[in-house]
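Heads up: the structure comes next, in structure tokens.
The values are calculated or read from the model by the stated rules, or taken from the named source; none is laboratory data. None of the values given here were measured: they were computed from a predicted structure. Each accessible area value is taken on the protein alone, full model and side chains, heavy atoms only, with ligands, DNA and RNA left out. Shrake-Rupley method; radii C 1.70, N 1.55, O 1.52, S 1.80 Å.
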Amino acid sequence: MSHNTQKTQALFERAKSVMPWGVSSNFRYWGDETPVIARGKGAYVWDADGNRYLDYRLAFGPIILGHADQRVNERVAQAMANGTLFAHTHPLEIEVAERLIHLCPGVEKVRFANSGTEATMHALRIARAHTGREKVVKFEGSYHGFHDYLLFSTATSPLGALGSRRSPLSAPNTSGIPAVLRDLVINVPFNDGETLERVVKAKWGDLAAIIVEPIAGNIGALMPEKGFLELIRRLCDEHGIVMIMDEVKTGFRIAKGGATEYFGVKGDLMAYAKSIANGYPLAAIGGSNAVMGTIEPGRVAQGGTYCGNGVGTAAAAATLEILETTDALEQINKRGQRLMQGIGEVLTEAGIAHSVHGVPAMFSFFLDPKETVRDYRGVLQTDHGRYERLAMAMRAHGVEYEPDPREPWFLSAAHSDQDVDDTLNALNDAVKTIK
Ligand code: PMP
């Protein structure tokens with residue numbers, strides 16, 4: 001199938017003349033083929049030429065119920081009719097905070113923000129204020145947003161920048177980060193309990209927080225190995241360190257209560273965004289009374305003009321109610337399971353070496369892994385070029401997922417059994433192009 005993309009290309013030219021590289025986020029730049037998407041409904045998006053794509057990117061995860069969900073839109077429209085921003089507490093904020101506390105183990109108090117970046121930034125402030133310490137441990141390949149504090153050794157760092165496994169380096173991912181901040185962040189390979197324990201034993205007196213994506217959702221949805229999250233919990237308890245679970249991708253997706261429900265390990269603080277509001281901007285920081293109680297007017301700051309805004313909280317109230325009272329996540333799980341398994345079967349049948357990772361609601365696969373992939377160093381030893389060629393062949397068949405295996409496939413409740421069948425049929429054809 002070849003698509004006519006004349007209008008899309010003309011729009012991208014216009015975009016480039018008014019926005020650097022024609023995008024509002026560097027992650028959206030695909031070179032000359034950068035899409036311009038005009039519309040979405042359910043599991044599908046349409047480009048400016050009207051070409052339809054079955055969407056497994058889902059805006060990098062938020063669209064848990066499908067694009068333009070009518071039930072969510074109606075709640076948002078109601079809220080908009082009554083005004084959306086007052087610089088006062090609003091009943092919808094209270095409702096959403098109550099829902100979060102009810103759904104998410106470990107959440108006793110909530111504050112709102114607008115993006116995952118803000119949520120992890122606020123969480124880090126709270127952790128530093130709570131402990132009186134400044135340093136933070138993160139895991140290689142993990143991404144926690146665009147602020148300066150954690151944009152080191154994320155999934156765009158080359159292998160050579162990471163240093164040795166025993167003494168990992170923290171590699172800044174962008175120019176423009178003050179050099180002094182590098183001393184405040186320590187990177188450890190994901191799933192490497194031995195290195196983590198050594199680092200914590202040596203530096204615990206300086207450590208405010210360990211921040212973890214419970215499923216490493218920016219390096220192909222790698223699962224935490226048995227005991228890894230429990231080890232982080234134990235080390236934090238033993239040394240007075242705040243454990244921050246970055247649930248921006250996992251929250252309200254892998255289970256109603258996110259990773260703290262799925263794995264049975266609670267952080268002291270959790271950062272939520274994405275699926276909380278089905279594509280409307282809302283984020284939340286939740287956590288224990290003890291740690292959230294560190295926030296105090298005039299002494300420990302958290303806030304922002306748009307925090308708890310009426311549009312985001314109305315969307316979240318509707319989204320969380322639907323997730324709680326329907327079988328949306330069970331459906332996603334069932335269809336995602338069939339898709340994950342089917343992809344593995346198609347690749348095996350085609351004789352293409354691969355490994356599949358993650359859970360049905362967010363998963364990825366790697367081609368030609370050199371070893372068992374358990375951390376970012378292993379991810380870098382797989383064939384990304386081949387993965388991209390396959391993704392582009394799939395896009396020509398009308399199925400879109402991120403052409404980089406580090407970004408998972410996401411499913412929504414709007415993806416049907418027929419969509420799964422269509423995807424597997426397309427894959428059967430597309431693999432021929434990469435054999
Ligand atoms: N944390 C994680 C785990 C993420 O995946 C992301 C975004 N992909 C963020 C934080 C940042 O969220 P946002 O893009 O909403 O700022």
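Rounded, prolate or oblate: which fits the stretch 70-325 when a ≥ b ≥ c are the square roots of the eigenvalues of the alpha-carbon gyration tensor, with rounded for a/c under 1.5 and prolate only if a/b beats b/c?
Prolate is the answer for the stretch 70-325, as a/c is 1.5 or above and a/b outweighs b/c.
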Revision key, fill the gap. Put Ile177, Ile332 in order of accessible area, largest first, probe 1.4 Å, and you get Ile177, Ile332
Practice item. Over the chain, with every protein chain in place, what whole percent of the accessible area is carbon and sulfur at 1.4 Å, could you tell me? Key: 50
Check your understanding: Among Glu349, Glu388, Glu98, what's the order by accessible area (1.4 angstrom probe), most exposed first?
Key -> Glu349, Glu98, Glu388
Check your understanding: Quick one: how many Å² of Cys104 are accessible to a 1.4 Å probe, rounded to 10?
Key -> 0
Review point. When N counts the residues of the stretch 186-325, how does its alpha-carbon radius of gyration compare numerically with 2.2 N^0.38 Å, as a ratio?
Key: 1.12
Check your understanding: If you plug each phi of the stretch 339-353 into the Karplus form 6.51 cos²θ - 1.76 cosθ + 1.60 with θ = phi - 60°, what whole-Hz ³J(HN,Hα) values come out, in order, with x for Gly and Pro?
Key -> 5, 4, 5, x, 4, x, 5, 4, 5, 4, 4, 7, x, 9, 5
**Study point:** Karplus 3J(HN,Hα) series, Hz, for the stretch 10-25 with 6.51 cos²θ - 1.76 cosθ + 1.60 (x for Gly, Pro)
**Key:** 5, 5, 5, 4, 4, 4, 5, 7, 10, 9, x, 6, x, 9, 9, 8
Exercise for review: Heads up, I need the accessible area for Glu74: 1.4 angstrom probe, whole protein in place, Å², nearest 10.
Suggested key: 100
Revision key, fill the gap. Counting only protein heavy atoms and rolling a 1.4 Å probe, one gets per residue an accessible area for the chain in Å² of 42
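What ratio of Cα Rg to 2.2 N^0.38 Å holds for the chain?
Working: Rg = 21.2 Å, N = 435, 2.2 N^0.38 = 22.1 Å.
Cα-based Rg divided by the globular estimate yields 0.96.
What share of the DSSP beta bridges in the stretch 70-325 is antiparallel, in percent to the nearest 5? The partial results should precede the final answer.
Details: 13 of 28 bridges.
Rounded to the nearest five, the antiparallel share is 45 percent.
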Study note, to complete from the structure: Within the chain, the percent of DSSP beta bridges that are antiparallel, given to the nearest 5, stands at 65
Review point. Can you pick out the pairs among Lys135/Lys370; Lys334/Lys435; Lys41/Lys435 whose Cα atoms lie more than 31 Å from each other?
Key: Lys135/Lys370; Lys41/Lys435
Exercise for review: State, as an integer percentage, the relative contact order of the chain based on alpha-carbon contacts under 8 Å between residues 6 or more apart.
Suggested key: 21
Revision key, fill the gap. Check: C-alpha center the stretch 180-259 vs C-alpha center the stretch 107-174, spacing in Å is 10
